[in-house]
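K.L.:
Here you go, one structure.
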Amino acid sequence: MGLYILILCLVQIIIQTAHDTRTINCLFFDKSTQDESRSAFADQVGKCKKRMDPAATLRDTQDDIDDETKESIMVFSITLVSTIMLAFLLKKPIKQVPWLFYALAAIVTVLFLVRDVLSLPALIDRSFFLIMQKNYVAIALFVVVMYIGVFDSKSKVRMWLQPIRAELSIIACILALGHVVSYLGGFGARIIFGGTVYSGFLVASLFVSLILFALLLILGLTSFEFLKRRMTTKSWKRVQYFAYAFYALAFAHILLVLLPPALLGGNTAQISVAIYSVVFLPYFILRFRRLRIDRRPVAVAGISG
């Protein structure tokens, strides 16, 4: 898990560095100019013209937004694909030494929460922000856990991943706790104690996050084998039904945060809403379908009996 986060951070650094390099090349290596001093002077004149031209400023702002959107989509896509691949590849070690992965997830979470104290380099801090603050890794793990339940119990995918479903959910819960604590300790505290009036969307997102925090603790703790053994099968299954509420509320929380800027025309927010909708909405449809299919034999047996 620690190596996984490190790889994602390196990918993010490469993306950010490539973007910065393109910017530097654009500013300082204009091949059409022959004289360096004239190029510098022309650059200054161009900047002045842009300040006087609102349309040019708007175009520059839109370019920055487009770059941020592409970066977010790329990092989330890489995170999701990497998580799916590693879930398949690391099945045996996750099952054999789950505590190692729990410990690594906890270390990553603590490092994320104290990163300001550590004064990490800007690129690494930015990577941590994008991967952990936006909760990409935990969401990707929850997506894997969610979609395991969509497959038939005899399918190869489910038979391979079902044995580590609980372990994956615990890792996801540990990482998500870092996001929730950061959100509640930062933005949530400003809403409650800041004295500033916020929109209903943001206030609602705070209350949803509080419920999610409670569900994270309940679902995370009851996923541990030693607690599961102390519960009856019936009571444990009842608790696990809260997972559906958790997934629905997680999606609702994302929408409550992203919808205000999306409705105002924010390109990044609109695309993010579309991506998360593509991830979550099919799951709810497919999981409901799977529940109906799985219950059919039970219903027939009950009628005939």
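K.L.:
Under the condition of being surrounded by 15 or more Cβ atoms within 10 Å (Cβ to Cβ) and of a type in the set (Ser, Thr, Tyr), which residue from segment 69-123 is farthest from GLN162 (Cα to Cα)?
P.N.:
If we take residues in segment 69-123 being surrounded by 15 or more Cβ atoms within 10 Å (Cβ to Cβ) and of a type in the set (Ser, Thr, Tyr), then THR69 is farthest from GLN162 (Cα to Cα).
K.L.:
Need pairs with beta-carbon distance below 8 Å; first residue without any contact (Cβ under 8 Å) to a residue 12 or more places away in the chain and within segment 154-178, second loosely packed, with under 14 Cβ neighbours inside 10 Å; sequence gap 6+ or separate chains.
P.N.:
ARG158/ASP152; MET159/SER153
K.L.:
State whether the residues of segment 212-219 include one that is crowded, with 16+ Cβ neighbours inside 10 Å and in contact with a His (Cβ under 9 Å, 6 or more places away or on another chain).
P.N.:
There is at least one residue in segment 212-219 that is crowded, with 16+ Cβ neighbours inside 10 Å and in contact with a His (Cβ under 9 Å, 6 or more places away or on another chain).
K.L.:
What pairs come up if the first residue lies in segment 93-118 and is closer than 12 Å to ILE171 by Cβ, the second is outside any helix (DSSP H, G or I) and modelled with pLDDT under 95, and their beta carbons are under 7 Å apart, counting only those six or more places apart or on different chains?
P.N.:
PHE101/MET1; LEU104/MET1; ALA105/MET1; VAL108/MET1
The values are calculated or read from the model by the stated rules, or taken from the named source; none is laboratory data. Values in this document were obtained by computation on a predicted structure and should not be read as measured data. Cβ: placed from backbone, ideal geometry, glycine included. Neighbour counts: every protein chain shown.
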